[in-house]
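Presented below is the structure to which this report refers.
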Amino acid sequence: LRARARDLDRNDGWAKRGVEIVSECSIGGGIIPKPETGKDRLDKEIAQAFADWSEFCDAEEQADFYGLQDLAVQTIAVSGDVLIRRRRRRSDEGLSVPLQLQLMEPDHLDLTHIKNNNTGFDIINGIELDRINRRVAYWLYQTHPGEVGLYRPMRFDSQRIPADQIAHAYRKTRPGQLSGVPWLTAAMIDLRDLGEYENAEQVRKKVEACFAAFVTTSDLSDPGLLGEEGEDDIGRLETLEPGMIEYLEPGEDVSFAQPSPSSGYDSYTRARLHKIATAMGMPYQLLTGDVSRVNWSSYKAGIVPFKAMIRRFQKRTILPMVCRPAWRWFIESAFAAGRISELNYGVQWTLPGFEPIDRQKELLADQMEARIGKASMTELIRASGRDPEAVIAEIKAWTKLVDEQELVFDSDPRKTSNAGLTQARPDGTVLPPTDISDDNPAEE
């Protein structure tokens, strides 16, 4: 399954697009942590330490924390699993927190071991389990089995890595499941069949283009009929050019090939893509970009269950298997390095928001929910993928700047209504002047 999924991801455009959609909607700009220890000073310490560390947390030094999240989701979608290894670093390596994260494909798991003779524990698919089926260690190859060659020979000796140093992330769909399957599994057969059908159609079109014209003659004495080349055949026209004029010999006629068109291509392709999109858990319109047959309501109805599936994937897989282990390692390393004054794991994760289908309609719906008390502003802001406290701080800073510059905008509900009219104000309060020209009598 893993090899087939990787082949489709590399060579099939629909499969590649499906994987990208899963990653874009699950991670977007990143699942952002916000320390919530209940202590403002400690929260600021942790936030600053994380900001400094997150830019250099990749063991390969190519991505930041949110780039690793995106890569982890893509690996889960294509390979079924992803392994994240905790890499401690020395204090003299220049890192603000002596910790980095190494992402590994599931190929690193040593499948040849079946038992640990020292502990007596069973090893299944490279995962060592104790007597009550808790993970105690992972057996990992030091090099990727697919990257060996003449100058990088394979090392068949695997290392035993304690389970608390590894985060193993995959979509778990049944009890006792030790590893995952690629996101593309249910769509593999249809993707292959559609690819073969499109290749066959392309070959048929090429064959049709090869038959341009046939020259016939009623002269039975023509040596060409017997397969012999006559003197008149030398230099005869055998290709066609735009705007050309050619004179035929007496008795010759030209007929053009008219291959019968193959009907049903669009309907068959559309039906296959509908099934492929369903197998991937996403709407057909989202996979293909074809919105010619839907309106706002039908598209909204199709996107709602997809959003629910992505939220479930985020909360059941990404948060517990990727984000929380990484956060725990970061807090422990930051505390050991003296970057934070207390060992506290309190955190609130902000999931990326979904782009609205019709921004105006959805904003009006949010406004109504807030007015009737169905949703708080904190909930609505967090649903958009932003930190409510950061938004409030930005609004406060902007309002202060606007007041200092004596400006009034329709967006300021303290001064103007939704219709752009001046708000009623308590007695004894004044608004900033709206006319600050030199000839304003109020300034004299």
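Throughout, read-outs are computed from the coordinates displayed, never taken from laboratory work. Remember, predicted model here, so these are calculated numbers, not experimental data. FYI the Cβ positions are ideal-geometry reconstructions off the backbone, even for glycines, and counts take in every protein chain you see.
Distance between the modelled labels on R4 and R312, one decimal in nanometres: 2.3 nm (7 Å Cα→Cβ projection). Fully extending the segment from A390 to R160 would add 78.5 nm, taking 0.36 nm per residue of separation and subtracting the current Cα-Cα distance.
Name the shape class, rounded, prolate or oblate, that the alpha-carbon gyration tensor gives for segment 56-112, where a ≥ b ≥ c are the square roots of its eigenvalues, rounded holds for a/c under 1.5, and otherwise prolate holds if a/b is larger than b/c and oblate otherwise. Verdict is oblate for segment 56-112. In this structure, N199 and T173 have a Cβ-Cβ separation that, at R0 = 35 Å, corresponds to a calculated FRET efficiency of about 0.60. In this simple spin-label approximation, L401 and R192 carry label points 7 Å from Cα along the Cα→Cβ vector, and these lie 5.8 nm apart. Site pair L42 and Q142 shows an inter-label distance of 4.1 nm when each label is modelled 7 Å from Cα along Cα→Cβ.
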